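Take a look at the structure set out below.
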Amino acid sequence: MDYDTRGRSAGFAPAGTQAIAYDQGLRAHMLRIYNYMGLGLVLTGLVAVMVASVPALYVPIFGTPLKWLVMLAPLGFVMFLSFRIEAISGATAQTLFWAFCAVMGLSLASVFLVFTGTSIARAFFGAAAMFGAMSLYGYTTNRDLSQFGSFLIMGLIGVIIASIINIFLGSSALQFAISIIGILVFVGLTAWDTQSIKLQYAEHHDDETRQKLAVMGALSLYLNFVNIFQLLLSLTGQREE
């Protein structure tokens, strides 16, 4: 059995009936991940629309310092899941994922207050097309994408640092560059994460571990999609008058 640079088994291809069972199991695993991700996006969208439609909800959030808590809360969920996933049960991980998606909806409610519905729809479908194409590529390609991982992570760190700096600078030119580079980074991460998820399944795990892997896989793909969407909206979105 071959292994990639992260120690994951690659090229795992059992023979005969084992191969059929493996392929069926992999498809079921990926379907669970995409279902988690899709339902998470629906939950996020519903919460965002609901909050943005009710002044009694969005004014106390975005009109006070509470907005910083709402904006930073999703990061707290991601960090907790990333560092504590081994110590919690699969059911707990799944519950935290739904809670994260709901809190992300609170954070994204501002999008519906700032941009037109047409711009939001255009950015959403554009992000969906990019995400779908690159996730499909990551799933089907025989090329080892792990060699690009370090460059993508460095690009992600650079985008984060530049975004923080631009909070204080408010430069439209820098924001334009951040959006372009950020889209390329998250599109690349989509393919890389999809292949990584597929390779993880090739390892031997019990059902509990696979449930947690499904949650973490859905979380990584969800974050890629949301970031592509936000960056596209920042790049092409038309603001409300």
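The values are calculated or read from the model by the stated rules, or taken from the named source; none is laboratory data. Values in this document were obtained by computation on a predicted structure and should not be read as measured data. Here the Cβ positions follow ideal geometry from the backbone for every residue, glycine too, while neighbour counts run over all protein chains shown. Each accessible area value is taken on the protein alone, full model and side chains, heavy atoms only, with ligands, DNA and RNA left out. Shrake-Rupley method; radii C 1.70, N 1.55, O 1.52, S 1.80 Å.
For the reader, a short list of remarks on this structure follows.
- Scan of segment 33-67 for residues that are modelled with pLDDT of 95 or more, open to solvent by 60 Å² or more (accessible area, probe 1.4 Å) and farther than 18 Å from I120 by Cβ, ordered by number: Y34, N35, L39
Per-residue answers, yes or no, for (1) charged (D, E, K, R); (2) open to solvent by less than 20 Å² (accessible area, probe 1.4 Å):
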site: L156; (1), (2): no, no
site: I178; (1), (2): no, yes
site: I181; (1), (2): no, no
site: D193; (1), (2): yes, no
site: R210; (1), (2): yes, no
site: L221; (1), (2): no, yes
site: V226; (1), (2): no, yes
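- Matching helices (runs of 4 or more DSSP H) fully within segment 137-241 where at least 2 residues are among the basic types (K, R): 207-236
- Test: L106 is surrounded by 14 or more Cβ atoms within 10 Å (Cβ to Cβ) and within 21 Å of I180 (Cα to Cα): no
- When residues of segment 7-32 are limited to those that are open to solvent by 80 Å² or more (accessible area, probe 1.4 Å) and among the charged types (D, E, K, R), the one modelled with the lowest pLDDT: R27
- Cβ separations smaller than 7 Å between residues 6+ apart or across chains give the following pairs from segment 116-142 residues that are among the basic types (K, R) to residues that are at pLDDT below 95 and open to solvent by less than 80 Å² (accessible area, probe 1.4 Å): R122/T236.
- For segment 117-154, filtered to residues that are open to solvent by less than 40 Å² (accessible area, probe 1.4 Å), of a type in the set (S, T, N, Q) and more than 16 Å from Y222 (Cβ to Cβ), the residue that is nearest to the chain's Cα centre (by Cα) is S146.
- Per the conditions (1) open to solvent by 50 Å² or more (accessible area, probe 1.4 Å); (2) touching a residue at least 24 places away in the same chain (Cβ under 8 Å); (3) farther than 19 Å from S220 by Cβ, the sole criterion not satisfied by V70 is (1).
- Test result for A214, surrounded by 23 or more Cβ atoms within 10 Å (Cβ to Cβ) and touching a Lys or Arg at 6+ places or on another chain (Cβ under 8 Å): yes
- Test for F100: is it open to solvent by less than 50 Å² (accessible area, probe 1.4 Å), part of a helix (DSSP H, G or I) and under 25 Å from G237 (Cβ atoms): yes
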